[in-house]
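Asks: Handing you this structure, nothing more for now.
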Amino acid sequence: MSTRSLPVLVLSLSDIRRDPRVFRQIELLGSRHPVLAAGTGNLMIDGVRSYTMSIHGRNMAGRAYALWCLKSGRFEKFYWSQGHVIRTLADLGQERYAFVVANDIHTLPLALRLARGAPVLVDLHEYSPREMEDRWFWRFLFEEYCDYLCKRYLPEASIATTVCDGIAEEYSRQYGVLPRVITNAPRFHDLPLRETDASQIRVIHHGVAAPSRRIENMIDLAMLLDDRFTVDFILIPGDTRYIAQLLKRGGAIRKIRFLPPVEMQHIVPFSAQYDVGLFLLEPTNFNYLHALPNKFFEFLQARLAVAIGPSPEMTRIVSQFGCGVVADSFDPADLARLLNGLDANMLDAMKARSSQAAAVHCAERNADLLRTAFAALQEQAG
């Protein structure tokens, strides 16, 4: 049987319908191959076979065994004792695949075993060995484990990809594997420029409500903006207690609104009614330092001026195109000061430059890179 008639397996420990990067992989593959998508959550995707990877917590004995494995360096025992790994291997291990796409290092060992010699592409969304280095329990339990997975399994992947230059360079430095860079840019949106109302400058931030992102800094920033500004927060549910704290902090401020989440495919046209896309992410870990997230590119596609802290990956693009402002520090007051110094004409000029950036930083450009990677895998498969 020719491998061209075999399905491509896509593995992800995320809810794929809420993960734009994985969803774009499946869309691109589905135009040329039958696809089997394995992830968490509701995977009802038109024209795509799906498999739900159920991740359940361990009982007390299982947690004790996991702790023993992790702290005694028995990393293989820990990995292959995970319930979702055991179940997925049993349920999907009898099928043949043209090639396998493993999203992040935690699916790579499973992908290699399921591939049974077929090529494997690993897409590294984060720098895994320092993923949550700002949390002591993660360093205590998982730092050495993630380092082991990278050392042991990255060299076995046929191709590696990642989200930005800084993370690619670190994988190359530490593990001798240089991933190809494919950013998190969404598809191109042909949207008109919206002229800024000088008396009402509308700012938006959207994203997951996670305490590590310190969204309270952006609420504090909003309070420092002058009366021309309003700021809307669209927070994807994460930590419910944290959301309650944010609502308490900013809910009574007239210029601040908290709006319900918007579907992933609608976020760019929805955002186009605003003037400024706001993202102030304190670099509390390596991945936050090198953040180049979906929302940044969604701001560009929505033709917004971008307001950020000095995050190097985002700063590089903002500086190249002149499509926003970059604060000197992650102090909310610094970025608020820059925003207060802008007028409608300056914002309209930045929006025009965001339109130029949107034509360059879009999924269509990335699709060419991804097609090249998938074609190389298909050629290896024969």
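Nothing in this text is a laboratory measurement; each read-out follows from the coordinates by a stated rule. Not measured: the values here are computed from a predicted model. For neighbour counting, all protein chains shown are included, and Cβ atoms are generated from backbone atoms with ideal geometry for every residue, glycine included.
Asks: Using only Cα atoms, what is the ratio of the radius of gyration of segment 178-262 to 2.2 N^0.38 Å?
Replies: Computed over Cα atoms of segment 178-262, the ratio equals 1.31.
Asks: Would you calculate a helix-derived [θ] at 222 nm for the chain, using -39,500 (n - 2.57) for each DSSP H run of n ≥ 4 and dividing by the full residue count, to the nearest 500?
Replies: -13000 deg cm²/dmol
Asks: Now for a separate question. With Cβ to Cβ distances under 14 Å as the rule, what net charge do the other residues near S14 carry (K, R +1; D, E -1)?
Replies: Taking every Cβ under 14 Å from that of S14, the sum is -2.
Asks: Let me ask something else. GNM, the chain, Cα, under 10 Å: largest mean-square fluctuation among I204, I86, I167?
Replies: Among I204, I86, I167, the largest mean-square fluctuation in the Gaussian network model of the chain belongs to I86.
Asks: May I ask you to work out the translational diffusion coefficient for segment 198-246 at 37 °C, viscosity 0.692 mPa s, via Stokes-Einstein with Rh from the Kirkwood sum over Cα pairs, reported in whole µm²/s?
Replies: 284
Asks: Now, a different point. Straight-line reach from K295: which lysines have a Cα under 30 Å away, not including same-chain ones fewer than 8 places off?
Replies: List returned: K248, K255, K351.
Asks: In a Gaussian network model over the chain where Cα atoms closer than 10 Å are linked, find which of R337, R32, R180 has the largest mean-square fluctuation.
Replies: Taking springs between Cα atoms under 10 Å, the residue moving most is R32.
Asks: On alpha-carbon atoms, Rg over Rh for segment 201-360 using Kirkwood Rh?
Replies: Rg/Rh: 0.93.
Asks: Distance between the C-alpha centers of segment 12-36 and segment 322-364? Whole Å please.
Replies: Taking the Cα centre of segment 322-364 as reference, the centre of segment 12-36 is 31 Å away.
Asks: In the P(r) worked out for segment 154-210, what percent of Cα pairs fall beyond 20 Å?
Replies: I get 56 percent for the Cα pairs in segment 154-210 exceeding 20 Å.
Asks: For segment 282-365, what ratio Rg/Rh do Cα atoms give with a Kirkwood hydrodynamic radius?
Replies: 0.97
Asks: Still on this model: Report, ordered by chain and residue number, the lysines lying within cross-link reach of K77, taken as a straight Cα distance under 21 Å and ignoring same-chain residues fewer than 8 apart.
Replies: K151
Asks: Pick out which of A115, A344, A168 has the largest mean-square fluctuation in a Gaussian network model of the chain, springs linking Cα atoms closer than 10 Å.
Replies: A344
Asks: Give me the one-decimal Kirkwood hydrodynamic radius in Å for the chain, with the sum taken over alpha-carbon pairs.
Replies: 22.1
Asks: Right, another one. Only bridges with both residues in segment 196-259 count here: give the DSSP antiparallel percent, nearest 5.
Replies: Here the antiparallel bridges make up roughly 10 percent for segment 196-259.
Asks: If you add up the charges near R337, with Lys and Arg at +1 and Asp and Glu at -1, over every other residue whose beta carbon is less than 10 angstrom from its beta carbon, what do you get?
Replies: -3
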